[in-house]
Amino acid sequence: MALLFVAIGVAAAVWAVATFVVGAGIEVPSLTGRAQQDAVATLTRIGLKPVVHEVWADGAGVGDVVRQRPAAGADVDDGVKVDIWVSRGPLHVPAPDLAGLSAKAAATTIEEQALTGRRRKSASESAPEGEVFRQRPVAGAEVSRGDTVTYWVSTGPPLIAVPDVVGLLSTDAIRTLDAKGFIVNIDLVLGWGVSPGDVVAQDPVAGTRLRPGDEVVIEVAIF
């Protein structure tokens, strides 16, 4: 009978120890604000498995832990996974200045900032063809990673209708075309029945849409 009581006592003691050991678990440490390398090493050392996620986060250094799960102080079993979120950099950044960049350079700049680019085309009186001259949001405006930045790439100067200069004196015709930004070339032709110096024809004809700097030829009567 005494041996029976001893055996029962030993068994109870073993059960109690086992229960204490299993029930104690591992306490999850506080990792927020620590560097990724340090957090991973700490979890590995105490027998937990770190799972790293990268996120954009304001107010944290690149590579620092900004969130964790389970929370600090939680009791978990050995080998349990602990998720940690590590900063890739700030979530909010100023919109990049794209003015004067080529379309390719603008797209690269936007991508490097983890933003989304939307390219549009439009004529511009000031920007050469292929150059960005407008954007939305404007440069410096606060945006979040992933936001869309729309930018306009110049297709060159806008098209302008060629004015009708037939019947004008050549000097007036030249002045009119020059004011529109066209280059004027003169062909002298016979102009029977027409006052000398009058424009008798033009190429291209009135209403044709050209860009500033394009050539317009006028035929001027010599007598």
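Bear in mind that the values in this text are calculations on the coordinates, not laboratory data. Note that the coordinates shown come from a computational prediction; the quantities given were computed from them, not determined experimentally. Heads up, the Cβs are rebuilt from the backbone with ideal geometry, glycines too, and the neighbour counts pull from every protein chain shown.
Assorted remarks:
- 16 Å Cα-Cα reach of Lys49 towards aspartates and glutamates, excluding residues that sit fewer than 8 places from it in its own chain: Glu27, Asp38, Asp75, Asp77, Asp78, Asp83
- If the segment from Val55 to Glu129 were pulled out straight at 0.36 nm per residue, it would be longer than the present Cα-Cα gap by 22.8 nm.
- Our helix-only sum for the chain, with -39,500 (n - 2.57) per DSSP H run of n ≥ 4 divided by its residues, gives a mean residue ellipticity at 222 nm of -7500 deg cm²/dmol.
- Contact order relative to length of the chain, as percent, for alpha carbon pairs under 8 angstrom and 6 or more apart: 14 percent
- Rounded to the nearest 20 debye, the dipole size of the stretch 92-154 about its Cα centre is 240 debye, using +1 on the Cβ of Lys and Arg and -1 on the Cβ of Asp and Glu.
- Positive end of the dipole of the chain (Cβ unit charges, origin at the Cα centre): among Leu210, Ile186, Val51, the Cα lying farthest that way belongs to Val51.
- Helical segments meeting 18 Å axial Cα length and Kyte-Doolittle 1.6 threshold in the chain (DSSP H): 2-24
- Taking a Cβ cut-off of under 14 Å around Asp83, the surrounding Lys, Arg, Asp and Glu residues balance to a net charge of +3, with basic ones at +1 and acidic ones at -1.
- Charge tally in the Cβ shell below 10 Å around Ala201, where Lys, Arg are +1 and Asp, Glu are -1, Ala201 excluded: -3
- Candidate values [x] 2.28; [y] 1.31; [z] 1.08, label of the one derived for Cα Rg over 2.2 N^0.38 Å: [x]
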